[in-house]
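A.B. asks: Please find one structure pasted underneath; my questions will follow.
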Amino acid sequence: MALTFVLGLLGLLGGLSNYVPNPWSQEIPAARVSVANAQLTARALNERVENLLAKMTLDEKIGQLTQYSAGTMTGPGTARNDYNDLIAEGQVGSLFNVVGAKLTNRFQRIAVEKTRLHIPLLFGFDVIHGERTIFPVPLALASSFDPVLVEQVSHVAAEESADDGIRWVFSPMVDIARDARWGRITEGAGEDTFLGSVMAAAYIRGYQGDDLTRPDAVAACVKHFAAYGAPNAGREYNTVDMSELTLRQVYLPPYHAAIKAGAATVMSAFNPLNGVPATADPFTLTKILRQEWGFQGFVVSDFGAVKELIAHGVASNGAVAAFKALSAGVDMDMMSDLYRTKLADLVKSGDLPESVVDEAARRVLRVKFALGLFDHPYVDENHLPYVATPEKRALARRAAEESLVLLKNGPKPVPYAGTVLPIARNTPTIALIGPLADSQIDMLGSWSGVGDAADAVTLLNAMQDRCDWAKTKLLYAKGTEILTDSDAGFAEAIAIAKKADVVVLALGESAPKMTGESSSLTRLGLPGNQEDLLEAVASLGKPTVLVLFDGRPLAIKWAAQHVPAILEAWYPGIEAGPAVADILFGNVNPSGKLTATFPRAVGQEPLFYNQLPTGRPADDIDLTHPPTGEDKYFSRYIDETNAPLFPFGFGLSYTAFGYANVTLSQSKIAADALTQPKAGHFFAPASEIRVAAQVRNTGAVAGTEVAQLYIRNTGGSVEEPVRELKGFQRVTLAPGETKQIEFTLGFDELSYYNLEMARVIEPTRYQVWVGGSSEATQGAEFEVTGP
Ligand code: BGC
């Protein structure tokens, strides 16, 4: 025992001798406090926190910094599975993966009734796109470009979670993801910073509302801070290495948007960022999060990440790991069991000032008070059991309908006439084929809370309903499994396809096995032998529709060339079948747009639209052939074009939209005016540029278009992307109708970081485009003038 202690101490000293104290820990500027979260900084609340803190022992304070999973494991466990004694001793501040009023109340009673100071537990859970009512996965929700919808969806998730005793959701994941190989691309809004920021704020509003004490509000947890979505080679948990310019310009804004919207908590990431594991990084956790952004809530580590500092090679043992994580700004230790077991000794030995523990405990307690947990620690156990009510289904259905993206809708093959979609109501026979056509579990997507697959309506069920009604004959064959090399089912699938007038193939990925955490891929084609099945069926020459159920953009080059219609459905949630069927039959007009670029080949990844310029752009080069001479020396591949298969912002409708008259309120604006708006001054120069355009429904049916505004800045001190989204609007138009739309470009949209990491507006030129995708062609230009 004594020997272990001495060895431990030596190890600790060894590790700590290299330790650089958090250089930013002492200065949190009071001026910024109120922007973060008024409730957390309210004087009355903080008086309660300080009164309590004054009564707490060191162990009790450390208890508040300790979190365990007491239910289904979402990562490696600790040696124990019973935390009752620790809870009763006040050594646990939070539990997660424990769901349900009865269960949470049972643990809560131990905390409230048995601990000396009666401090309630905070129950957390991964509520990512619904708790019991499962909505489309976040990547799909983002494709709606509808932040109001996202707010409604996350509010329902908050109500259901709160009913189940969960007042803290580990969501939203706002990590920008530019690489489809990374499995967690499904959990976020995709590749774009502007859209990601808008969605981040929408989730926070939905979860937290404007008052955390409301019984249906839950504390959000923005994750994974920072830049977890950019692992090298798309491999899960891998190193992230990027310039500070890119970090600030591309990756940080969505986290910041969430903090500005009032997010009460943050989860640090697993990855190292520029050589420092995110769990021990004072630069992100203290300097940026607390000093620059004024964050007042608390930071929880990711699952077991404090301990992983040892594997990262920056901590020689558990004590050093705990020391570094806490000092950097991780307030709560999720599942490493190191704060509880190491911090007290560190304080007693004088290595760690107790004030650092106090500050972390203060932050955790603030959130508990703000949630009203001290006044109402329990939840009603008698509310009616969960039912996916018609209202919830209606929201889930609308969310799914808005999330679907029509990627291709070509003419039917000869001798048929018209486009393949929508499927005509009087079609005599339809064949539905594929392993995703009738799989309830896959419709839920990854991280599906406590959703029940039995609530999910599959495409087969929904099409059967609609076909019965229309007296259409529906033939179904699974054809193959999601991942197999057996073609035993092919013959049956081909046979029913031959009998049909229209063929629908439902293909894609297994949600639980191939998407979400720890699901990185090196291949992005259809898994198993689904591509072979697709080719065999599509080559019959029938009007054929490919419906993709997946969690990421797939490299489906053959399908894009040979299958006349493709609908990207993602994982649409419990109303998957009805939403997809209604779009196939034309009862609903698709309106979703891609928020992650589809590659032609996996070797193009990471592939995203807002790339920085190159000195040798290949824009005017024919890339469809290997180079023959001078056309080689451009930024290109010699075996593939640079272009994506489907670009960011792209999505078709059953009608068509035209854009015209992109005009600007002025062609010049002074940098000074943008930087220092002289509000209220009669002669104040304009502090923003207004961009107007007309969008017209040029087709025959009503439809909704996501009109998008892009800019490019040329002439600044640093490179800016070839295009950047800076505004969008959903516009619903009757056939023939035209609407005038307007966007504004002010400091927030036009400023960028210079090499001193200051957000600046410089004298420069901007190009502007308005249109229906990142390849919009209608544009204008303006100049930002200097002094
Ligand atoms: C994930 C987090 C999640 C946590 C708790 C981790 O493995 O990275 O996103 O919130 O587990 O389940």
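What follows is calculated from the coordinates using simple rules that are stated; it is not laboratory data. Just so it is clear, the model here is predicted, and its values are computed rather than measured. Here the Cβ positions follow ideal geometry from the backbone for every residue, glycine too, while neighbour counts run over all protein chains shown.
A.B. asks: Give me, ordered by chain and number, the residues 5 or more places off SER446 or on other chains with an amide H under 5 Å from its own placed amide H.
C.D. replies: Long-range HN contacts for SER446: none found.
A.B. asks: Now for a separate question. Towards the positive end of the charge dipole of segment 690-787, with charges on Cβ (+1 Lys, Arg; -1 Asp, Glu), say which of VAL722, ALA780, THR732 has the farthest Cα.
C.D. replies: THR732
A.B. asks: Rounded if a/c is under 1.5, else prolate if a/b is larger than b/c, else oblate: which is segment 323-394, with a ≥ b ≥ c the root eigenvalues of its Cα gyration tensor?
C.D. replies: Prolate is the answer for segment 323-394, as a/c is 1.5 or above and a/b outweighs b/c.
A.B. asks: To the nearest 10 degrees, how steeply does helix 354-370 sit against the main Cα axis of the chain, on a 0 to 90 scale?
C.D. replies: Roughly 50 degrees, rounded to the nearest 10.
A.B. asks: What ranking of HIS224, HIS118 emerges when the number of other C-beta atoms within 10 Å of each C-beta is taken as an exposure proxy, fewest first? Present the calculation step by step, with values, prior to reporting the outcome.
C.D. replies: Working: HIS224 25, HIS118 13.
Exposure proxy ranking, most exposed first: HIS118, HIS224.
A.B. asks: Also: Please determine, in degrees from 0 to 90 and to the nearest 10, the orientation of helix 339-348 with respect to the longest principal axis defined by the Cα atoms of the chain, where the helix direction is its Cα long axis.
C.D. replies: The angle comes out at about 40 degrees.
A.B. asks: So if R0 is 45 Å, what FRET efficiency would VAL387 and SER518 give, r being the distance between their Cβ atoms, rounded to the nearest 0.05?
C.D. replies: Efficiency, rounded to the nearest 0.05: 0.85.
A.B. asks: Moving on to the next point. At a 10 Å Cβ-Cβ cut-off, how would you order TYR416, TYR633, fewest neighbours first? The partial results should precede the final answer.
C.D. replies: Details: TYR416 15, TYR633 11.
Ordered by Cβ neighbours within 10 Å, fewest first: TYR633, TYR416.
A.B. asks: Please compute the net charge surrounding ALA500, taking Lys and Arg as +1 and Asp and Glu as -1 over other residues with Cβ under 9 Å from its Cβ. Don't skip to the end; give the middle numbers.
C.D. replies: Values: positive: LYS473, LYS498, LYS499, LYS542; negative: ASP501.
Summing Lys/Arg as +1 and Asp/Glu as -1 gives +3.
A.B. asks: Taking amide hydrogens as modeled 1.01 Å from N in the peptide plane, which residues meet the under 5 Å criterion relative to GLY586, leaving out close sequence neighbours?
C.D. replies: Those qualifying (amide H under 5 Å, at least 5 residues apart or on another chain) are ILE423.
A.B. asks: Sticking with this one: Can you check what the net charge comes to around ARG425, using other residues whose Cβ is under 10 Å from the Cβ of ARG425 (Lys, Arg +1; Asp, Glu -1)? Show your work: numbers first, answer last.
C.D. replies: Values: positive: ARG466, LYS471; negative: none.
For residues surrounding ARG425, the net value is +2.
A.B. asks: Sort THR115, THR279 by Cβ crowding within 10 Å, fewest neighbours at the top.
C.D. replies: Values: THR115 19, THR279 32.
So the ranking, lowest neighbour count to highest, is THR115, THR279.
A.B. asks: Between segment 157-227 and segment 640-660, what is the separation of their alpha carbon centroids in Å?
C.D. replies: 28
A.B. asks: Still on this structure: Would you calculate, for the chain, the mean residue ellipticity at 222 nm contributed by helices, counting each DSSP H stretch of 4 or more residues as -39,500 (n - 2.57) and dividing by all residues, to the nearest 500?
C.D. replies: Helix-only estimate at 222 nm: -8000 deg cm²/dmol.
A.B. asks: How many angstrom separate the Cα center of segment 67-130 from the Cα center of segment 245-289?
C.D. replies: A separation of 27 Å, based on Cα centres.
A.B. asks: State whether segment 444-565 is rounded, prolate or oblate according to the following rule on the C-alpha gyration tensor (a ≥ b ≥ c being the square roots of its eigenvalues): a/c under 1.5 gives rounded; otherwise a/b larger than b/c gives prolate, and the remaining case gives oblate. List each step's numbers first, then the result.
C.D. replies: Numbers: a/c = 1.95, a/b = 1.21, b/c = 1.61.
In terms of gyration-tensor shape, oblate.
A.B. asks: Moving on to the next point. With respect to the cross-link table entries LYS55/LYS368; LYS478/LYS499; LYS223/LYS348; LYS61/LYS342; LYS61/LYS287, which display a Cα-Cα separation exceeding 22 Å? All intermediate terms of the calculation are to be shown ahead of the outcome.
C.D. replies: On the way: LYS55/LYS368 17 Å; LYS478/LYS499 16 Å; LYS223/LYS348 33 Å; LYS61/LYS342 13 Å; LYS61/LYS287 24 Å.
Pairs exceeding the cut-off: LYS223/LYS348; LYS61/LYS287.
A.B. asks: A 28 angstrom limit on the alpha carbon distance is what I want to check against. Which of LYS324/LYS726; LYS392/LYS593; LYS632/LYS668 exceed it?
C.D. replies: Working: LYS324/LYS726 39 Å; LYS392/LYS593 24 Å; LYS632/LYS668 39 Å.
Result: LYS324/LYS726; LYS632/LYS668 exceed 28 Å.
A.B. asks: Per residue of segment 371-376, in order, report the coupling 6.51 cos²θ - 1.76 cosθ + 1.60 (Karplus, θ = phi - 60°) as ³J(HN,Hα) in whole Hz, putting x for Gly and Pro.
C.D. replies: Those phi angles translate into 7, x, 5, 5, 8, 9 Hz.
A.B. asks: Here's another thing I want to ask about it. What length, rounded to one decimal in nm, is gained on full extension from SER635 through to HIS376, with 0.36 nm per residue of separation minus their alpha-carbon distance? Display every interim value, and only then the final one.
C.D. replies: Values: separation 259, 0.36 × 259 = 93.24 nm, distance 6.12 nm.
Difference between extended and current length: 87.1 nm.
A.B. asks: Related question: Within 10 Å, count the other beta carbons around each residue, average over each peptide in 582-595, 643-656, and list them highest first.
C.D. replies: Values: 582-595: 23.6, 643-656: 21.6.
Sorting 582-595, 643-656 by mean packing, highest first, produces 582-595, 643-656.
A.B. asks: Using the Cα gyration tensor of segment 537-611, with a ≥ b ≥ c the square roots of its eigenvalues, what is the shape: rounded (a/c below 1.5), prolate (a/b larger than b/c) or oblate (neither)? Can you show the working numbers first?
C.D. replies: Details: a/c = 2.22, a/b = 1.26, b/c = 1.76.
Since a/c reaches 1.5 but b/c is at least a/b, the shape of segment 537-611 is classed as oblate.
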